[in-house]
Structure formats: C-alpha cells, structure tokens
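So the structure is just underneath, and the comments pick up after that.
The values are calculated or read from the model by the stated rules, or taken from the named source; none is laboratory data. Being a predicted model, the structure only gives us computed values, none of them experimental. Reconstructed Cβ throughout: ideal geometry from the backbone, glycine too, with neighbour counts over all protein chains shown. Calculation scope for accessible area: heavy atoms of the full protein, side chains included, ligands and nucleic acids excluded. Shrake-Rupley method; radii C 1.70, N 1.55, O 1.52, S 1.80 Å.
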Amino acid sequence: MTGYTHIASGKVRDLYALDDGRLLFVASDRISAFDYVLPTTIPDKGRVLTAMSLWWFAQLADVVPNHLLSTEVPAEFAGRAMICERLEMFPIEAVVRGYLAGSGLADYNRTGAVCGIPLPAGLVSGSRLPEPVFTPSTKAPRGEHDENISVDQMATAIGEDAAAALQQLSLAVYTKAESIARERGIVLADTKFEFGRRPNGTIVLADEVLTPDSSRFWPADLWEPGHPQPSFDKQFVRDWLTSPASGWDRASGTTPPPLPDDVVAKTREKYIEAYERLTGLAWA
Ligand code: Q0Z
C-alpha cells in the first residue's frame, strides 16, 4: 500500500488521495441529524454502509459503470473504505424522487410541480409518484443547503449531452434499485447520486450509493401517505433528540447532546437490519 493524504471531509465521510493517484473513500461511524454531526458515533455504521454500497454497485453493474477499484485498504479503514478511480466530477447532485418528501414535497405544495416537472393534483406527504422524477440540485458549499435546479439549468452548467446522460442513468439506476428495495420491505423514497467522467468521456457512478445516508429509506410495512413517514434508520435518534429526555432545544442553535447507549444500540441494529433485508445476507 502506498501513502495517503487527507483531501476532504464531509459530515460523515472522508476522502484521501493515494500516492498513485487513486482515491480512498472512507465511511466513518459518524451520524448526522437535524443538520448536525452528533457527538456520538454508531459502531459499525461505516462498515455497514460501505458493504451496502458495494452490494449495490454489483447489482447495478449492468446499468452503469462505477468508480470502485479495490477494497484492499489500510488496516485502520478495513471494511469501511473503497479505493476509487479519480474522475472529473460533475458539480451536480443527481437526485431521483419516487415518493413525495422533503424539498420535493415543499416544491409541490408551493407550485404543483417538482423542479419544474408538473405533477397531478391531490398528492400528499409520502405519496408514490406516477413515475420517478429527476430533480437535480447544485452542490452547495458546506453548511448551506443544495439548491434545486431545472434540467435546463443543469444543461447550461454541464452541457446538453452530459445532462441527458445523467438524467437517463439516474432514472435507470433508481428504477432498478427501488424495485429491489420494495420487494425486500424498504421504500426507497428518493436518492442522490454523484457522477464523474473518465478522460475518455465515459460517465461513471461515484461516491457511495443507495445507503440511508444518501437516500430516504422508509419501512414499507408502515408506509401510509398523508403524513411524514418514519425514517428506517434515524427515527430513534430523532425521537430521542426531540423528546424532553434529551434536554435539547432544536431551535436553540446549540449542538445536540450525546445519545444514550440504548438509542445507539437500536440505531446500529436498524442499519444492520437495512443491510440484511436488502441483501438477504447475514451481517455477522
Ligand atoms: C467525491 C466527497 C468528502 C467523501 C470528490 N471518484 C471520484 N473522483 C473524483 N472526486 C471524487 C470521487 Cl468520489 C469526489 N467527493 C465527495 C467528499 C468525502 C466524498 F469529503 N469529492
């Protein structure tokens, strides 16, 4: 193994450059909620999400090439890192929504459309859309929220051909993944992809894919349009943080307190349950 240099960190993951030019993409055990990174980690979260991403890359290999080169990583990152090819990244979050939630729901309630795509009247929080919609956004600087843009605006930013390719690939990947997840009891309400380009022009799926951190996972047995759906993975965290027991006031602007051990244990179990349900494999 060659040496590696830290080049970037997100809320819950870290990126390193290897001496040979490849990238080391590392999923940490950090967890975010209500836009904060919490002061408590969830044991095994990075390994579970990495295993899930690797499983999805294999399921989707017939739809789109991906950036994975190897999982042989330095011991300190074992199981929670991927060695990836370095791509020229598109400055776009490629979001696909199959159900109404979050900024898609807000858009719809204000305008009857999502990112300029008109939708039928009468949809409510959690509704399944007649067909999935591609709703790109721009990558905002850290601390700010991504801004939804139209496909026309995306085409102005990256070119017509690339925009059309990202839209087609994103919808194809989501459609296949949503069907797999739904059969296994998880509603994949929406998801965010990141794509890059090889020097020869091939468009490649990058980042982590179709994890609870990059997607909304809902338990299918509790799915009921008309109200916000419980989160598959973070509901225990959100419920505790907003309960009197936490002593935390979301409106105060203060950092959330550490999670109690039972909330950590139950949340760890939810990530493992999502992995086991999706893949049909035992975690350990
Ligand atoms: C991804 C990110 C962070 C993790 C750059 N294959 C690639 N080629 C070139 N660049 C990237 C990738 Cl994945 C790339 N990011 C996002 C930031 C931790 C991922 F801090 N940035």
Legend entry - region 128-163: GluC sites (Glu not before Pro) falling in loop per DSSP and having at most 10 other Cβ within 10 Å: 144
Inset, instruction - Would you work out what percent of the accessible area of region 73-222, with all protein chains in place, is carbon or sulfur (probe 1.4 Å)? - result: 50 percent
Inset, instruction - For the chain, give the magnitude of the charge dipole about the Cα centre (Cβ charges: +1 Lys/Arg, -1 Asp/Glu; no others), in debye to the nearest 20. - result: 240 debye
Inset, instruction - Between residue 238 and residue 58, with labels modelled 7 Å along Cα→Cβ, what's the label distance in nm to one decimal, could you check? - result: 3.1 nm
Inset, instruction - Counting other Cβ atoms within 10 Å, keep those with at most 13, restrict to DSSP loop, and tell me which trypsin sites (Lys or Arg not before Pro) in region 52-142 are left. - result: 142
Legend entry - For region 56-165, with +1 on Lys and Arg beta carbons and -1 on Asp and Glu, the positive-most of 121, 65, 154 along the dipole: 121
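Would you kindly calculate the mean projected area, averaged across all directions, of the convex hull enclosing the Cα atoms of region 1-111, in square nanometres?
9.2 nm²
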Legend entry - the chain shape via C-alpha gyration tensor axes, a/c threshold 1.5: rounded
Legend entry - For peptides 251-261, 187-197, 215-225, 201-211, sequence by mean Cβ density within 10 Å, most packed first: 187-197, 201-211, 215-225, 251-261
Inset, instruction - Would you work out which of 246, 271, 6 lies farthest towards the positive end of the dipole of the chain? Charges go on Cβ: Lys and Arg +1, Asp and Glu -1. - result: 246
Legend entry - Per residue value of the accessible surface for region 77-180 (all protein chains in place, 1.4 Å probe), Å²: 46 Å²
Inset, instruction - Treat every Asp and Glu Cβ in region 234-284 as -1 and every Lys and Arg Cβ as +1, leave all other atoms uncharged, and give the resulting dipole magnitude about the Cα centre to the nearest 20 debye. - result: 160 debye
Legend entry - Count, lysine Cα pairs under 24 Å in the chain, 8 or more residues apart or across chains: 18
